[in-house]
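Written below as structure tokens is the structure these notes are about.
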Amino acid sequence: MTQFGNHIRTRREDLRKQDRRFSLRQVAHRIEVEPAYLSKIERGDVAPPSEATTLKLARDLGEDPDVLLALAGKVSSDLQEIIRKRPRLFADMIRKMKEAPDHAILRIVREVRDGEW
């Protein structure tokens, strides 16, 4: 079972304990895939689904879309577009942040978000 599939199954089953609408069949119906396909995703028998299907899963299961895409080994198309505009800068920044502690990254995110240049 893949980390993505395991995460999806665990989340769906946790939700199903309190709400029967989170059965495999009902979730598959809402995200517009066959139940057998969703089962294969959860078991890790197939690769994680497309970005569009992953985003539907995130919405349906109340998950952060970026986290779910990362678990699927994907980056959202809007982030890809941003990176394409300045590939060297973003690649360098991400590589340098690899070893940075969380508090340092959080500080950078807050400065960018708040526009404190």
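Nothing in this text is a laboratory measurement; each read-out follows from the coordinates by a stated rule. In this text, all values refer to a predicted model and were calculated from it rather than measured experimentally. Glycine gets a Cβ as well: all are built from the backbone with ideal geometry, and neighbour counts include every protein chain shown.
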Which of P101, L69, P87, positive extreme of dipole for the chain (C-beta unit charges): L69
Degrees between helix 102-114 axis and first principal axis of the chain (Cα, 0 to 90, nearest 10): 80 degrees
Furthest towards positive pole of dipole, A36, L55, T2, structure part the chain, Cβ charges: A36
Angle in degrees between helix 87-97 and the longest Cα principal axis of the chain, rounded to the nearest 10: 80 degrees
Calculated [θ] (222 nm, deg cm²/dmol) that DSSP helices of n ≥ 4 give over the chain, each run adding -39,500 (n - 2.57): -20500 deg cm²/dmol
GNM top mover of P48, P35, P87 - the chain, alpha-carbon springs below 10 Å: P87
Dipole magnitude of the chain, debye to nearest 20 (Cβ charges: Lys/Arg +1, Asp/Glu -1, about Cα centre): 180 debye
Listed residue pairs exceeding 30 Å between alpha carbons, taken from K40/K74; K74/K96; K40/K96: K40/K96
In degrees, nearest ten, helix 51-61 long axis to first principal axis of the chain (Cα): 70 degrees
Under-5 Å amide H pairs with T2, H placed in peptide plane, nonlocal only: G44
Sites matching GluC sites (Glu not before Pro) across the range 11-117 that sit in DSSP coil, with at most 10 neighbouring C-beta atoms within 10 Å: E32, E99, E116
